[in-house]
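A short write-up of the structure that comes next.
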Amino acid sequence: MFAHPHTGHPLDRSQVSKRFKRTLKRAGVREVRFHDLRHTFGTRCAAAGVPLRTLQAWMGHADIKTTMVYTHYAPGANEAELVNGVFGRPGARHDPAATDRAAVSPAVANTEKRRAR
């Protein structure tokens with residue numbers, strides 16, 4: 001639930017959803033559900049190492065099992081370096097020979113093969 005910044009009254013859910021969809025369209029971003037933002041927040045916090053009890057409180061979950069859904073993403077030891085190397089982030093270093101091939105998604109592995117040619 002969101003409140004109006006000036007009145008404090010609850011915002012109409014359908015109006016929030018419609019505004020969100022219009023904003024996505026104007027920005028040229030693919031359509032996602034507003035609720036997907038909540039999942040993205042939970043997943044990114046868990047991946048960044050936010051303690052589960054803290055994340056549980058932030059997300060308002062009564063049961064820790066609900067929060068555990070967001071722990072499905074556990075980055076590998078060198079995953080950030082790997083992704084940064086693939087996408088050419090400034091200052092990123094990447095050594096394909098040091099990458100654990102079993103932990104690399106097919107899309108990333110194919111990108112590495114193309115770059116190595």
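Nothing in this text is a laboratory measurement; each read-out follows from the coordinates by a stated rule. What you are looking at is a predicted structure, and each value in this text was computed from that prediction instead of being measured. So basically every Cβ, Gly included, is an ideal-geometry build from the backbone, and we count neighbours across all protein chains shown.
Data table
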{"item": "Taking 32, 86 and counting other C-beta atoms within 10 Å, the order from fewest to most", "result": "32, 86"}
{"item": "Fraction of alpha-carbon pairs over 12 Å apart in the stretch 1-51 - percent", "result": "71 percent"}
{"item": "Selection of trypsin sites (Lys or Arg not before Pro), the stretch 1-44, meeting DSSP coil and at most 14 other Cβ within 10 Å", "result": "30, 33"}
{"item": "Full-extension gain in nm, residue 31 to residue 48, via 0.36 nm per residue minus C-alpha separation", "result": "3.6 nm"}
{"item": "Loop chymotrypsin sites (Phe, Trp or Tyr not before Pro), the stretch 4-85, which have at most 14 other Cβ atoms in a 10 Å radius of their Cβ (DSSP)", "result": "73"}
{"item": "Relative exposure of 39, 61, 6, 72, judged by other C-beta atoms within 10 Å (fewest first)", "result": "6, 72, 39, 61"}
{"item": "Per-residue HN-Hα couplings for the stretch 14-30 [Karplus 6.51, -1.76, 1.60; θ = phi - 60°; Hz; x = Gly/Pro]", "result": "5, 5, 4, 4, 5, 4, 4, 5, 4, 5, 4, 5, 4, 7, x, 9, 4"}
{"item": "Taking 31, 81 and counting other C-beta atoms within 10 Å, the order from fewest to most", "result": "31, 81"}
{"item": "Label point at residue 4 placed 7 Å out along Cα→Cβ; residues across the stretch 15-38 whose backbone nitrogen lies under 14 Å", "result": "15-16"}
